Amino acid sequence: NLPAARMETLATDAEDVAARVRAELGSGEGPLLKGGVVIYAFRKAYDYSELWQVVLNSERPRGLTGHAGVAGDVAYGAYVLPAGEDAEETQLLLAEQMAAAALAGRGLPEWFCRGAGRAVAARVAPKALLAQTWKMEAGAAVRELGSPTDYFAGRADPAAAALAGGGFVGSLLGSGKLAQFVKAVDGGESFDAAFQKIFRSPPQQAFVTWASRNAGR
């Protein structure tokens with residue numbers, strides 16, 4: 001339900017952002033994902049809530065304004081447009097959903113897709129005020145997760161899990177490691193084997209270490 005001019009602007013932004021996300025994922029000139037990804041951008045939170053009701057058959061979690069997943073054979077990202085059409089924040093949110101959708105389409109765990117999406121977005125648009133907010137609030141969100149088991153099982157508060165996940169996964173992604181990880185997964189390695197190989201630790205152990213250093217900051 002966006003005006004045609006706004007859709008055209010978003011399409012232009014998406015082309016630029018997609019190239020930068022491909023670089024982070026190590027995709028080069030290839031697609032983010034075989035078959036591509038679909039991005040849904042909504043003008044109002046109400047419109048975004050309707051997607052949850054129609055596609056996911058549930059109510060939108062409180063405080064959540066974007067998510068990525070797979071419906072049928074379609075990998076998608078969906079989000080509410082930023083108020084005021086801020087260019088940096090628009091790129092940030094586009095990058096978050098593109099990266100998360102590309103990873104979700106590979107069958108990777110939701111917690112990793114969500115966290116990596118935020119981490120990639122913060123690299124693409126580091127000057128966005130929202131990116132700074134994510135960074136500042138990531139550690140404090142750990143207190144709202146419950147246990148690490150709740151976080152990895154998807155039982156934690158979705159908004160808190162997104163904040164903490166961005167900080168946690170972002171702490172792992174130095175020196176092109178996400179591209180190395182994606183290459184390993186695309187080459188046939190299991191998620192756990194690739195994670196151990198690239199990040200030198202099982203996910204749960206890495207999370208506990210990160211959380212103990214950052215909780216409450």
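The values are calculated or read from the model by the stated rules, or taken from the named source; none is laboratory data. Just so we're clear, the structure is a prediction, and the values are computed from it rather than from any experiment. Methodologically, a virtual Cβ is constructed for each residue, glycine included, from the backbone with ideal geometry; neighbour enumeration extends over all protein chains shown. The accessibility values were calculated without ligands, DNA or RNA, using every heavy atom of the protein model including side chains. Shrake-Rupley method; radii C 1.70, N 1.55, O 1.52, S 1.80 Å.
Where the centroid of each part is defined by its Cα atoms, how far is the range 70-108 from the range 154-217 in Å?
So the separation of the two Cα centres works out to 19 Å.
Amide H of Leu108: which non-local residues (sequence gap of 5 or more, or other chain) have their own amide H closer than 5 Å, using H built in the peptide plane?
Residues meeting the amide H criterion: none.
Through the Karplus equation 6.51 cos²θ - 1.76 cosθ + 1.60, θ set to phi - 60°, convert the phi angles of the range 105-117 into ³J(HN,Hα) values in whole Hz; use x for Gly and Pro.
x, 8, x, 7, x, 4, 4, 6, 4, 5, x, 5, x
Ordering Leu93, Leu129, Leu56 by accessible area with a probe of 1.4 Å, largest first, what comes out? Mind dumping the intermediate values first?
On the way: Leu93 15, Leu129 140, Leu56 65 Å².
Accessible-area ranking of Leu93, Leu129, Leu56, largest first: Leu129, Leu56, Leu93.
Considering Cα pairs under 8 angstrom that are at least six residues apart, work out the relative contact order of the chain and quote it in whole percent.
Working: 319 pairs, mean separation 41.5, N = 217.
Value for the chain: 19 percent.
Pop out the ³J(HN,Hα) list for the range 30-42 in order, Karplus 6.51 cos²θ - 1.76 cosθ + 1.60 with θ = phi - 60°, rounded to Hz; leave Gly and Pro as x.
Computed from phi, the couplings for the range 30-42 are x, x, 4, 7, 4, x, x, 10, 10, 10, 9, 10, 10 Hz.
Could you check how much of the accessible area of the range 63-178 is carbon and sulfur, as a whole percent, using a 1.4 Å probe? Each step should come with its number before you reach the end.
Values: 2330 of 4520 Å².
C and S atoms contribute 52 percent here.
How big is the accessible area of Ser58 in square angstrom, nearest 10, if you roll a 1.4 angstrom probe over the protein chains?
Accessible surface of Ser58 is approximately 40 Å².
Tyr40's amide H: which non-local residues (gap 5+, or another chain) put their own amide H closer than 5 Å, with H modeled 1.01 Å from N in plane and none for Pro or chain starts?
Amide H neighbours of Tyr40: Gly77, Ala78, Tyr79.
Enumerate the calculated ³J(HN,Hα) couplings along the range 16-28 in order (Karplus 6.51 cos²θ - 1.76 cosθ + 1.60, θ = phi - 60°), each rounded to whole Hz, writing x wherever the residue is Gly or Pro.
5, 5, 4, 5, 6, 5, 4, 5, 5, 8, x, 7, x
Based on Cβ point charges of +1 for Lys and Arg and -1 for Asp and Glu, what charge dipole magnitude is obtained for the chain about its Cα centre, in debye rounded to the nearest 20? Let's see the in-between values first.
Details: 22 positive and 23 negative charges, 143 e Å.
In debye, rounded to 20, the chain gives about 680.
Can you give me the long-range amide H partners of Leu2? Hydrogens built in the peptide plane at 1.01 Å from N, cutoff under 5 Å, separation of 5 or more residues or another chain.
Answer set, sorted by chain and number: none.
By accessible area of protein heavy atoms, probe 1.4 Å, what ranking do Glu59, Glu189, Glu96 get, highest first?
Working: Glu59 130, Glu189 60, Glu96 15 Å².
Order by accessible area, largest first: Glu59, Glu189, Glu96.
Please work out the average accessible area per residue across the range 132-217, using the 1.4 Å probe convention, and give it in Å². Don't jump to the answer; show the numbers that get you there.
Values: 4380 Å² over 86 residues.
Value for the range 132-217: 51 Å² per residue.
With a probe of 1.4 Å, find how much accessible area the range 3-72 has per residue, and write the answer as a whole number in Å².
Working: 4310 Å² over 70 residues.
Per residue, the range 3-72 has an accessible area of 62 Å².
Report the one residue of Leu172, Ala75, Tyr46 whose Cα lies farthest in the direction of the positive end of the charge dipole of the chain (charges on C-beta: Lys and Arg +1, Asp and Glu -1; origin at the Cα centre).
Comparing the listed Cα positions along the dipole, Leu172 ranks first.
So for the chain, Kirkwood radius off the Cα pairs, Stokes-Einstein at 10 °C and 1.306 mPa s: how many µm² s⁻¹?
Numbers: Rh = 17.4 Å.
Translational D for this selection: 91 µm²/s.
Once you have the Cα-Cα distance between Thr12 and Ala159, take 0.36 nm times their residue separation minus that, and quote the gain in nm to one decimal. Walk me through the intermediate numbers first.
Working: separation 147, 0.36 × 147 = 52.92 nm, distance 2.87 nm.
So the extension gain works out to 50.1 nm.
Rounded to the nearest 20 debye, what is the charge dipole size of the range 115-176 about its Cα centre when +1 sits on each Lys and Arg Cβ and -1 on each Asp and Glu Cβ? Present the calculation step by step, with values, prior to reporting the outcome.
Working: 6 positive and 4 negative charges, 50 e Å.
Taking the Cα centre of the range 115-176 as origin, the dipole is about 240 debye.
Assuming 0.36 nm per residue, please report the length gained on full extension of the stretch Lys197 to Val70 beyond their Cα-Cα distance.
Working: separation 127, 0.36 × 127 = 45.72 nm, distance 2.63 nm.
Taking 0.36 nm per residue and subtracting the Cα distance, the gain is 43.1 nm.
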